[in-house]
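As structure tokens, the structure follows; a few thoughts come after it.
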Amino acid sequence: MDAQVPTMQLRYFEPSAQLTGNSSAARESHRLNSNYRGDHSLSVNRGDEVPDHKNCCLWITGLPPSITVRGLLSTIKKTGRIRSTVINPATESSQTAAASISFFKRSDAETLFKNIQRGDIVIGGRFPRVFWNRNKVAEEEGLSAASRVLIIAGDADVVNADYLDRFFSSKFVYELDEVIDHGTVDSESGPIARLEYRFGSWRSQAAFARLALSLELRGFLLTEYAPDPWYANVSPWKYSLKAEIMEDYTTNPRITSTEILLRGFFGQDSLQQFQLERFVGSGSFALAWKLKIRPPANGSPSNSDDPPTYFVLKTAKSNWFFRRGSDGYDGGRVALSSDDDEIDSIKREKNWLTQLQWAKHICKILEPISDPLEAASIQIRQQHWPQWAYLEWLDNGTVMNLIRRSLRVGIRVLPNRMLWQIFLCLVRACCAMAWPPPQPDGPYPAPVTETVGSEETASNLRHSDLHEQNVLFGPILLHPPEQPEHQFMPILKVIDFGAAKLIDTDEVLAELSPDELPLRVNPGVSDNVFDIGMLMCAIIMLDEDVSDNISPERHERVPCHTVNNVEFLTAAVELLAVRPVDGLEQYTKLQVRQHARQFWALDEYLVRLVCQCTAIKRNDRPSLAELVPLVEDAIARRGYDFHKTWEEEDDPWDKMSYDSTRESDQYIQQTIATLFLDADARKEAVNVSETEDSDVSSA
């Protein structure tokens, strides 16, 4: 394991009142019985003011004295999504047990009620009796994804029943239906263990477990709700987004047969230049593979001593298979088919990357001198051949990897100077999409640093899929060029242009209100600026989920002011919640200490600028002509000396948790070594396609 196993000590998640006995219900007499594994003090758990016809909770009596949650639930399968299960064991006055079962839907509760009344259910040789529970539970809106079942995947030293049982027991009171071990799968950073926890209840058990895991074990595991098996008999991994990282790709016949064919095609290359290393990931429309390419020596099969070059091969998600004849596979012929969307995605990416190939902050498309797949396509000319593309291999991982690695080594906020340099790299990528650089002069042209052109000539190109998995770090340069964004940080490059498109300005104008006209920045540029602002929120907060909430359409928005004191509304609600920049007088020192104290080290100027990028109205967002000099100037002027002076100023807000040594060259170099250069970081750095909820991104 790459980091020390977390201890059971309290850090972020406060143990439940039922466990600590601190709720008012635990101190006072209440009609809810002591077997209830939730918080008695919540009104929703007492059924206050719930009409009888909306009650989703049943009271079942006449159960065997030794009945368990698992024994009870095993008899009522296929009734619906269970919200909670509470067992009342037999007592001296009652020789049988009783149980309270609530559902998310009234109709599901009615189904079980009728089944028991008809005598369709026998438990331990007994016919139970059923009543509508006086502790009523109503349906709630917005709980379509809620479940008593969690899937958990991650480091095997943490994701095991022994560790998690002790962890949960220290956080809340719970009952288990079942724990299912789904085995381990291999990954870049080692085996990934997979468990399915079926709790007796959702609200104060599965929900608490999910929250505690997310708060205290971030970086060690992933967790999310899975379908209740009593509602739908499906694999919990089938409908899981993040669970793509948990899937063993060898169980996917599409990927397995594709790998067989690729190895065969590359094996036909007489020069033996190409070696398929491994499958690295899957996205919406493509599969990604890591290739090792070694130049041939004197035209003979490749045995050159020159170091190999690594590429990424992206192939459309085709249905490749061997054609079966009457006597088995007939000569190894293949039939190929791909959806139009999958083929178009690769075509679009090749088109845009070709136009952007001279931009330094865009992933480079490559053209091998001799491509075995071209020869293979001739062999199967009569068949439908999917698209593919060769891309450069970027060896320091995605922004998602940076976030997770930072959390694993105990970093909660990156130094401001690192954040400014990351910001400028993202701004340069926006410049590339607005003004694609032409091919430089000379016999050996190389990509150039992107610059700002005129607004009239800016392209309307929008990336349309900018997120933490589609921005990657390249190598750290030993002798960085005279560009401020690369003083410390490895270069950032944007990948995956399969969804990129030109924005129709007329359509955008038709949707705007009169007070938003005329537009001062073209829509494609404006959308890309919003997206890099969203990315910066995730990087600043080291939270891979925060960007899911940030969009121009979100109903939550808060006012903020530019550095020139112009007010605007921003979608970066979460960022301003942890690092307010306006109205500081309303916060007490105690509030600051208790709430996200570490974020008060953030540069207020950086926070304001990122919030402006995520402004709700397009005209409130900065143009690239405004943004580039602002960020360049911040990097130049807000160095270590600036932060040291800032710390010495008599400002209780900034001094409260601020240490200017975090902005020193030595500290930043040590941080970058930890995140990118040490053995653990190198092992965790996955590449250009290792994203999309599964650490596989350029796909």
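Couple of notes before you dig in:
- Taking the conditions (1) open to solvent by 60 Å² or more (accessible area, probe 1.4 Å); (2) at pLDDT below 85 in turn, S169 satisfies each one other than (2).
- If you go through the stretch 617-635 and pick out every residue that is in a loop (DSSP other than H, G, I, E, B) and either open to solvent by 30 Å² or more (accessible area, probe 1.4 Å) or farther than 15 Å from S551 by Cβ (or both), you end up with 3.
- Residue within the stretch 450-464 that is more than 29 Å from N522 (Cβ to Cβ) and among the polar types (S, T, N, Q) present: no
- Inside the stretch 212-259, residues that are modelled with pLDDT of 60 or more, surrounded by fewer than 16 Cβ atoms within 10 Å (Cβ to Cβ) and within 27 Å of T68 (Cα to Cα) make up a count of 0.
- Any hit, the stretch 87-98, residues being small (G, A, S), at pLDDT below 90 and in contact with a helix residue (DSSP H, G or I) (Cβ under 9 Å, 6 or more places away or on another chain): no
- All conditions in (1) open to solvent by less than 20 Å² (accessible area, probe 1.4 Å); (2) over 30 Å from A193 (Cβ atoms); (3) modelled with pLDDT under 60 hold for Y36, with the sole exception of (1).
- Verdict on A146 being within 41 Å of the chain's Cα centre (by Cα), of a type in the set (A, V, I, L, M) and open to solvent by 30 Å² or more (accessible area, probe 1.4 Å): no
- Looking only at residues in the stretch 416-457 that are among the hydroxyl-bearing types (S, T, Y) and within 35 Å of the chain's Cα centre (by Cα), the one that is least open to solvent (accessible area, probe 1.4 Å) is T449.
- Among (1) outside any loop (DSSP other than H, G, I, E, B); (2) at pLDDT 90 or above; (3) crowded, with 18+ Cβ neighbours inside 10 Å - the single one L407 does not satisfy: (2)
- Among the residues of the stretch 474-529, the ones that are open to solvent by 60 Å² or more (accessible area, probe 1.4 Å), under 30 Å from E392 (Cβ atoms) and in a helix (DSSP H, G or I) come to 0 in all.
- Residue pairs meeting the criteria (Cβ under 6 Å; at least 6 apart or on separate chains; first within 11 Å of R198 (Cβ to Cβ), in the stretch 63-75; second open to solvent by less than 20 Å² (accessible area, probe 1.4 Å) and of a type in the set (S, T, Y)): V69/T85
- Any pair with Cβ under 7 angstrom, 6 or more apart, that starts in the stretch 126-143 at a residue that is closer than 14 Å to R106 by Cα and in contact (Cβ under 8 Å) with a residue 12 or more places away in the chain and ends at one that is of a type in the set (A, V, I, L, M) and in a loop (DSSP other than H, G, I, E, B): K136/V50; V137/V50; A138/V50
- Contact map, the stretch 503-523: first residue at pLDDT 85 or above, second residue assigned to a loop (DSSP other than H, G, I, E, B), Cβ cut-off under 6 Å, separation 6 or more or different chains; pairs are I503/N460; V521/S623; N522/A458; N522/N460; P523/I503.
- Test: residue in the stretch 534-552 that is farther than 30 Å from G410 by Cα, open to solvent by less than 40 Å² (accessible area, probe 1.4 Å), within 20 Å of the chain's Cα centre (by Cα) and modelled with pLDDT of 95 or more: no
- Among the residues of the stretch 90-118, those identified as in a loop (DSSP other than H, G, I, E, B) and open to solvent by 30 Å² or more (accessible area, probe 1.4 Å) are A90, T91, E92, S93, S94, Q95, T96, K105, R118.
- Pick from the stretch 329-367, criterion surrounded by fewer than 21 Cβ atoms within 10 Å (Cβ to Cβ) and among the small types (G, A, S), ranking: modelled with the highest pLDDT: S337
- Filter pass, K77 being open to solvent by 70 Å² or more (accessible area, probe 1.4 Å) and either assigned to a strand (DSSP E or B) or closer than 16 Å to W230 by Cα (or both): yes
- Residue within the stretch 641-653 that is modelled with pLDDT under 80 and of a type in the set (V, I, T) present: yes
- Only a single criterion out of (1) surrounded by fewer than 20 Cβ atoms within 10 Å (Cβ to Cβ); (2) of a type in the set (V, I, T); (3) touching a helix residue (DSSP H, G or I) at 6+ places or on another chain (Cβ under 7 Å) is not satisfied by V566, namely (3).
- Yes/no for R134 being open to solvent by 40 Å² or more (accessible area, probe 1.4 Å) and touching a strand residue (DSSP E or B) at 6+ places or on another chain (Cβ under 9 Å): yes
- Complete set of residues in the stretch 119-130 that are of a type in the set (V, I, T), over 13 Å from T79 (Cβ atoms) and outside any strand (DSSP E or B): V122
- The lone criterion from (1) more than 28 Å from the chain's Cα centre (by Cα); (2) more than 16 Å from A615 (Cα to Cα) left unmet by H463 is number (1).
The values are calculated or read from the model by the stated rules, or taken from the named source; none is laboratory data. As the structure is a prediction and not an experimental result, all values here were calculated from the model. Here Cβ is always computed from backbone atoms with ideal geometry, including for glycine, and neighbour counts include all displayed protein chains. We work out accessible area using only protein heavy atoms, side chains counted, and drop any ligands, DNA or RNA first. Shrake-Rupley method; radii C 1.70, N 1.55, O 1.52, S 1.80 Å.
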